[in-house]
């Protein structure tokens, strides 16, 4: 079982850091935060984040609340150092080019963030990268339609 370092940065508290191998404890901390209240508060202009580092793999997941969003529900940005490698066919399909991406999401709702957190804690990086590849594929198709 992996050990995780967790750092929580909230406006009404100092930065809270702890180390644990208990996935349920990390999930409980995340779900205990009233993200909607923090999001709706007009005084919050500080960075609000929930970061997890897997000490064995050195992979991290950094969840940040976007306090500047005009949405009515909390919106998050998720950053990670997990590498996603995609292959793109170019020049009439004769050449294949590999491209590396870092896993980064913008404008995710709380349900999607919870899903990414659960996958990360269960060390299911393959599912995370597969979801990201699907997102990249959808974006590529949209760009082709617009062109």
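In degrees between 0 and 90, to the nearest 10, how far off the longest principal axis of the chain does helix 23-32 point, with axes built from Cα atoms?
For 23-32 against the chain, the angle is about 70 degrees.
Sort 18, 4 by Cβ crowding within 10 Å, fewest neighbours at the top.
18, 4
Pairing the Cα long axis of helix 110-121 with the longest principal axis of the chain, what angle in degrees results, from 0 to 90 and rounded to the nearest 10?
80 degrees
Residue 19 to residue 55: extension gain in nm, 0.36 nm per residue of separation minus the Cα-Cα distance?
Once the chain is fully extended between residue 19 and residue 55, it gains 12.0 nm.
Can you sort 103, 135, 65 by how many other beta carbons sit within 10 Å, fewest first?
Ranking 103, 135, 65 by Cβ neighbours within 10 Å, fewest first, gives 135, 103, 65.
Obtain the nm distance between the two label points defined at residue 111 and residue 133 by a simple spin-label model: each point lies 7 Å from its Cα along the Cα-to-C-beta direction.
Output for this residue pair reads 2.5 nm.
If the viscosity is 1.002 mPa s and the temperature 20 °C, what translational diffusion coefficient in µm²/s does Stokes-Einstein give for the range 46-119 when Rh comes from Kirkwood over Cα pairs?
151 µm²/s
Rg over Rh of the range 4-146, using C-alpha atoms and the Kirkwood radius, what does it come to?
1.03
Please work out the Cα center distance from the range 1-76 to the range 111-133, rounded to the nearest Å.
The range 1-76 and the range 111-133 have Cα centres spaced 16 Å from each other.
In which sequence would 46, 86, 129 go, from the one with the fewest C-beta neighbours within 10 Å to the one with the most?
If I rank by nearby Cβ atoms, fewest first, I get 46, 86, 129.
In degrees from 0 to 90, rounded to the nearest 10, what is the angle of the helix 125-146 Cα long axis to the longest principal axis of the chain?
Rounded to the nearest ten degrees, it is 60.
None of the figures in this text is laboratory data; all of them are computed from the coordinates on show. Remember, it's a predicted structure, so these values are computed and weren't measured experimentally. So basically every Cβ, Gly included, is an ideal-geometry build from the backbone, and we count neighbours across all protein chains shown.
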